[in-house]
Amino acid sequence: MNEVISLKDLQAQIVKLQADNAALRQASERKITCKVTEKGGVSVYGLGRFPVTLYGSQWDKLSANMTAIMAFVNANRSLLSTKD
């Protein structure tokens with residue numbers, strides 16, 4: 001059985017698959033949430049497989065240096081990998 005699919009049907013199928021793909025990507029994006037740990041740290045969930053946990057003073061230091069950190073990230077953007 002040789003079934004011939006028309007170009008129009010193939011284009012319609014591509015559009016549908018692209019829409020399905022976009023919906024799956026959007027559904028898989030995790031929200032970023034925070035939690036205070038038993039030891040008094042702040043854990044940030046939703047960035048990767050494991051949470052990022054820092055104490056308040058570490059978050060303060062990170063926040064105070066965010067401009068320099070983002071300048072470094074942007075200057076090295078071509079060397080960085082992405083995780084979608």
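Nothing in this text is a laboratory measurement; each read-out follows from the coordinates by a stated rule. Because the structure is predicted, anything quoted here is derived from the model rather than measured. Cβ atoms come from the backbone with ideal geometry, glycine included; neighbour counts cover every protein chain shown.
Sum -39500 (n - 2.57) across every DSSP H segment of at least 4 residues in the chain, then divide by the residue count to get the 222 nm mean residue ellipticity, nearest 500. Calculated mean residue ellipticity at 222 nm is -15500 deg cm²/dmol.
In the range 9-84, what chymotrypsin sites (Phe, Trp or Tyr not before Pro) fall in a loop by DSSP, with at most 16 other Cβ atoms inside 10 Å? Provide the component values of the computation, followed by the final result.
Working: sites: Tyr45, Tyr55, Trp59, Phe72; in loops: Tyr55.
Here the sparse-neighbourhood loop sites are Tyr55.
Here the chain is scanned for trypsin sites (Lys or Arg not before Pro) in DSSP loops (not H, G, I, E, B) that have at most 14 other Cβ atoms within 10 Å, and the longest stretch holding none of them is 50-82. Among the lysines of the range 7-79, pairs that are 8 or more positions apart or on different chains and have alpha carbons within less than 29 Å of each other number 6.
Residues whose amide H falls under 5 Å from that of Tyr55, counting only those 5 or more places apart or on a different chain, are Val42, with hydrogens built in the peptide plane. Net charge of the neighbourhood of Tyr55, taken over other residues with C-beta under 13 Å away and scored Lys/Arg +1, Asp/Glu -1, is 0. Modelled spin-label separation between Val36 and Ala64, with each label point placed 7 Å from Cα along the Cα-to-Cβ direction: 2.2 nm.
Tell me which label goes with the value of mean projected area of the Cα convex hull in nm² computed from the coordinates here: [x] 10.3; [y] 4.7; [z] 5.8. The value computed from this structure is option [x].
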